[in-house]
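Only one structure is covered here, and it is reproduced in the block below.
The values are calculated or read from the model by the stated rules, or taken from the named source; none is laboratory data. Note that the coordinates shown come from a computational prediction; the quantities given were computed from them, not determined experimentally. A quick note on method: Cβ atoms are made from the backbone with ideal geometry, for glycine too, and the neighbour counts reach across all protein chains shown.
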Amino acid sequence: MRGGLVIGAGILVGNITGFARVAVTAYLLGTHARADALAISTGLADTLNNIVINTLLVAFVPMLMLRPAHERHAVFARAGRLFAWILTGLSALVALSAPQLISMLGPGMAPEQKHTAAVLLLILAPGILFSGASGIYASLLYTERRFLAPATYQLCLNGSTLLIAVAFWKTLGEYGFAVGYTLGAGVQLGVTWYASRDLRAARADRISLPSGTILAKPGMYLLYAGLMSANIVVARAFATHAGSGMAASLDYSMRCVNVVIAYLVYPVANSLMPEIARLRALNETAHAYRLMTRSVGLMAVASVVSCGIGLLLRTQAIALLFQRGSFTAESTAMVASVFAGLAPCLIGWTLMDLISRCCFALDQPRLPLVAAFIPVTVNIAFLGVLQLRGELTDPFLLGLGTSTGLLVGFVFLFVMARRVQAR
């Protein structure tokens, strides 16, 4: 409970600054073509950072928790170095292939917007290394149930982005958002590094731990998280074919959805996972399943209520949050329409992600991995048919494919998890 409250407080502060960041983006760029370039580049950076951080928390934390205290630091030192080299390579790869990535993820953008997005992604690339490295230190902090420093992630990221974008708008334009984002990731790395200094003070024992053993479980969760995130990446790519401003509208809607998902999933899941891993280590699997079932039931009610409220108040809320400056009444109508189709993913994504994280903590990764193929497959089929029929310009249908895929994936995962539990 205490961990959930700390994480929840961090999410609250982070989302306040996050809404300010999105509101400033809307004010300065609205739903014009320049906003599409920022949405594609920042969306990819956000996606990669979330995948890496969640992989470390979901897979690395249980790995550390299952080790005796005297071995934990040695495992952290060995695995941390390995993850750091992988993150360095990923960051460099993104920077070197920025133009090709933008062409693939934003195929419908004009050449000028593609160039802008590629430069933005080049600036954002170091932030992937910084965010991932902070996730390594955050994993160590989680094993000791120290949640405060990791909970400042969104505050550092959004606060720095907002500060630099506003202060240097006249000189940097939209590039100020990317500079602030990368600096914020660096600040968060410094926070988690400093907070974990005492845990890293002891000299690590030498331990024989093959790289394959270290990467096996994180690798499976990395694939799962990549497939889940691909659902949004696919929708954003299709959106660039739907007309100017459609990718930005999807991005504004998704950020609103992410706020609610963060509150529904992260406080519960991030404080629940170490406990489930501990119960599994004590061979109390039945107790772990009961804990998971109660959490899923609670989140099911919360997600349905949140979805209903979001659908009822979407237009008023979007107008209140964003409608000023370059974000016009026409922009509000477009974003509200996208949100109407996207809102049901609150239910599917929240419940599917919560069950999946618990399965990984129980060392049962294959089931969520299989389920993760369903949302992106359904979404590609749905949006592909719309494009062939010339109906992709409907903002509501653009978001509906994402929601449908996640709801189908959740139903499959829930049914299969109940079968495993009944054995």
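Observations on the model:
- In the range 235-259, the residues that are on the phi < 0 side of the Ramachandran plot reach residues that are aliphatic (A, V, I, L, M) and part of a loop (DSSP other than H, G, I, E, B) with C-beta atoms within less than 8 angstrom, at least six apart or across chains, in these pairs: Phe238/Leu392; Thr240/Met109; His241/Leu392; Ala242/Leu392; Ala247/Met109; Val257/Ala343.
- Taken over the range 340-388, residues that are among the small types (Gly, Ala, Ser), under 23 Å from Asp251 (Cβ atoms) and under 16 Å from the mean Cα position of the chain (by Cα) amount to 2.
- Scanning the range 400-423 for residues that are farther than 13 Å from Ser356 by Cα and among the charged types (D, E, K, R) turns up Arg419, Arg423.
- Filter result for Val296 (β-branched (Val, Ile, Thr), within 20 Å of the chain's Cα centre (by Cα) and under 22 Å from Val24 (Cβ atoms)): no
- Subset of the range 37-87 (residues that are of a type in the set (Val, Ile, Thr) and either more than 20 Å from the chain's Cα centre (by Cα) or within 30 Å of Leu250 (Cα to Cα) (or both)): Ile40, Thr42, Thr47, Ile51, Val52, Ile53, Thr55, Val58, Val75
- Scanning the range 283-304 for residues that are hydroxyl-bearing (Ser, Thr, Tyr) and loosely packed, with under 15 Cβ neighbours inside 10 Å yields a count of 0.
- In the range 31-60, of all residues being surrounded by 22 or more Cβ atoms within 10 Å (Cβ to Cβ), of a type in the set (Val, Ile, Thr) and closer than 22 Å to Gly219 by Cβ, the one that is modelled with the lowest pLDDT corresponds to Val58.
- Elements of the type helices (runs of 4 or more DSSP H) sitting completely within the range 341-423 and holding at least 2 residues that are modelled with pLDDT of 90 or more, of a type in the set (Ser, Thr, Tyr) and within 21 Å of Leu279 (Cβ to Cβ): there are none.
- Some residue of the range 247-261 being under 13 Å from the mean Cα position of the chain (by Cα), in a helix (DSSP H, G or I) and among the small types (Gly, Ala, Ser): no
- Failed item in (1) at pLDDT 80 or above; (2) small (Gly, Ala, Ser); (3) over 30 Å from Met65 (Cβ atoms), with Gly243 passing the rest: (1)
- Exactly one residue out of Phe414, Phe382 is within 15 Å of Leu342 (Cβ to Cβ) and surrounded by 15 or more Cβ atoms within 10 Å (Cβ to Cβ): that is Phe382.
- Top-ranked residue of the range 305-327 - restricted to ones that are among the polar types (S, T, N, Q) and surrounded by 14 or more Cβ atoms within 10 Å (Cβ to Cβ), ranked as farthest from Leu264 (Cα to Cα): Ser326
- Thr315 meets all of the listed conditions (1) over 23 Å from Asn54 (Cβ atoms); (2) in contact (Cβ under 8 Å) with a residue 40 or more places away in the chain; (3) of a type in the set (S, T, N, Q); (4) in a helix (DSSP H, G or I) but one, namely (2).
- Criterion applied to Val259, Val335 was being under 25 Å from Ala371 (Cβ atoms) and among the aliphatic types (A, V, I, L, M), and the one residue passing it is Val259.
- Hey, Phe373 closer than 24 Å to Thr402 by Cβ, surrounded by fewer than 19 Cβ atoms within 10 Å (Cβ to Cβ) and in contact (Cβ under 8 Å) with a residue 60 or more places away in the chain or not: yes
- Among the conditions (1) hydroxyl-bearing (Ser, Thr, Tyr); (2) surrounded by 21 or more Cβ atoms within 10 Å (Cβ to Cβ); (3) under 22 Å from Ala225 (Cα atoms), the only one that Ser331 does not satisfy is (3).
- Helices (runs of 4 or more DSSP H) wholly inside the range 145-196 that include at least 3 residues being modelled with pLDDT of 95 or more and out of contact with any helix residue (DSSP H, G or I) (no Cβ under 8 Å at 6 or more places or on another chain): none
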